[in-house]
1. Testing V227 on (1) within 16 Å of ligand 1 (Cβ to nearest atom); (2) buried (at least 22 other Cβ atoms within 10 Å of the Cβ); (3) under 18 Å from S265 (Cα atoms), one condition comes back false. Which one is that?
2. Anything in region 1-47 that is within 16 Å of ligand 2 (Cβ to nearest atom), more than 17 Å from A224 (Cα to Cα) and modelled with pLDDT of 95 or more? List them, or say none.
3. Confirm whether I76 is touching a helix residue (DSSP H, G or I) at 6+ places or on another chain (Cβ under 7 Å), away from ligand 1 (no atom under 12 Å from the Cβ) and not acidic (D, E).
4. Restricted to region 108-130, and to residues that are part of a loop (DSSP other than H, G, I, E, B) and more than 20 Å from the chain's Cα centre (by Cα), which residue is nearest to F198 (Cα to Cα)?
5. Which of the strands (runs of 3 or more DSSP E) contained wholly in region 1-93 include at least 3 residues that are over 19 Å from L117 (Cα atoms)?
6. Regarding K25, is this residue within 10 Å of ligand 1 (Cβ to nearest atom) and not polar (S, T, N, Q)?
7. Residues to consider are A31, A43; find the one that is in the same structural domain as G210 (by TED's automatic domain parsing), touching a strand residue (DSSP E or B) at 6+ places or on another chain (Cβ under 6 Å) and crowded, with 23+ Cβ neighbours inside 10 Å.
8. Within the set of pairs 6 or more residues apart or between chains, which connect a residue that is closer than 15 Å to I40 by Cα inside region 110-134 to a residue that is assigned to a strand (DSSP E or B) and within 16 Å of ligand 2 (Cβ to nearest atom) with Cβ atoms less than 6 Å apart?
Amino acid sequence: MSTSAILLVGGMGTRLLPLTLKTPKPMLQVAGVPFTEHQIRKAADAGIAEIVLATSYKSELFEPYFGNGERFGIKIKYAVEKSALGTGGGIRNAANLLADCDQVVIFNGDVLSGHNLAGQLEFHKKNQADITLYLTQVEDARAYGCVELLENKQVKSFLEKMENPISNLINAGCYIFNRQIIDQIPQDKVVSVERETFPNLLATNAKVFGYLDNSYWLDIGTPAALVKASADLITGVIHSSATPNHAGDNLISPSAKIGSGCVISNGSVIETEVVVESNCQISGSIIGSGAKIGSNCKIIDSIIAPGAQIQAGMVVLTNYLGF
Ligand code: GDD
Ligand code: MG
């Protein structure tokens with residue numbers, strides 16, 4: 001049984017504005033590499049041989065970095081939607097590039113998770129499912145796809161972003177589709193997999209199962225979540241084989257210059273060519289390439305854009321500057 005993958009990376013990243021003005025959400029730096037690299041490594045680590053990136057917004061920025069995937073141990077192809085086709089339309093469009101395969105793992109492009117992908121694939125096969133959704137539990141399901149499960153773990157209902165959620169079980173953004181099911185999605189049309197495909201398939205009694213895994217899960221779709229994901233990767237709360245080697249609880253590029261008396265901690269990342277002058281305190285933050293931080297600054301749980309200049313003595317708390 002061969003498995004391929006599709007990564008949905010075509011969204012606008014509106015909730016991350018202004019960070020996504022020049023850079024699409026999946027290419028933003030998280031723990032020293034573009035976020036997408038963590039997901040590509042996760043697919044490669046699970047033994048998946050090829051992945052198609054379903055791109056739209058700023059599509060031209062992906063291929064120069066990821067190339068044919070050789071560096072990441074996986075074959076990478078690029079499907080471009082001239083205008084965004086939605087999650088379902090994007091899946092259908094990307095599937096045209098897939099080599100022959102039995103099933104396809106589909107990743108939302110903004111989820112960092114420690115879930116057991118091999119376990120989800122096993123579960124899918126054991127149930128002879130058409131689709132298996134990875135599910136997690138959250139306190140407030142309103143911002144997500146809410147799922148109701150039957151006793152046998154089959155999905156009873158799927159309701160995207162509802163005001164009064166019927167459960168705390170949510171779609172965690174990684175699906176396994178049998179290859180032929182994707183052909184039921186109309187070609188070249190805007191389709192939402194969450195609002196159209198899943199409810200339609202349930203109405204026609206397709207075998208849709210839910211695989212509950214309560215390990216680490218985070219949608220990096222807001223600036224606060226993005227900076228948390230980065231710090232969690234550096235401090236080892238969550239593992240990714242894409243995180244560069246580092247010592248202790250920070251990642252400092254060898255080309256950065258750090259002045260005397262600085263304390264850089266709690267998962268902070270100092271990217272290439274950054275200059276931090278003396279006596280700064282940087283905690284849980286990302287300092288983008290080439291940024292200059294004046295002396296005596298305090299930067300906590302924040303993101304400083306590449307090339308930005310922060311004046312001496314500034315206090316930056318949960319803020320996103322220079323984008
Ligand atoms: N190719 C392509 N084309 N990708 C798209 C498009 C499109 O038109 N629209 C969105 N995407 C990608 C985004 O880039 C993102 O990686 C993924 O699809 C999900 O879109 P979001 O905009 O991040 O959706 P969400 O976070 O509000 O909700 C989704 O994720 C939740 C879990 O984080 C839904 O799948 C929910 O059901 C789910 O609970
Ligand atoms: Mg999202």
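The values are calculated or read from the model by the stated rules, or taken from the named source; none is laboratory data. Just so you know, these numbers come straight off a predicted model, no measurement behind them. Reconstructed Cβ throughout: ideal geometry from the backbone, glycine too, with neighbour counts over all protein chains shown.
1. That leaves (1) as the condition not met.
2. The answer is I6, L7, L8, V9, T36, H38, Q39.
3. Numbers: touching a helix residue (DSSP H, G or I) at 6+ places or on another chain (Cβ under 7 Å): yes; away from ligand 1 (no atom under 12 Å from the Cβ): yes; not acidic (D, E): yes.
Taking the combined requirement at face value, the residue satisfies it.
4. The qualifying residue nearest to F198 (Cα to Cα) is D130.
5. Values: elements: 3-9, 50-55, 75-80.
The qualifying strands (runs of 3 or more DSSP E) are 75-80.
6. On the way: within 10 Å of ligand 1 (Cβ to nearest atom): yes; not polar (S, T, N, Q): yes.
So K25 fits the description; yes.
7. Numbers: A31 fails: touching a strand residue (DSSP E or B) at 6+ places or on another chain (Cβ under 6 Å).
Unique residue meeting the criteria: A43.
8. Going by the 6 Å Cβ cut-off, the qualifying pairs are D110/D219; V111/G173; V111/D219; L112/L218; S113/W217; H115/Y134.
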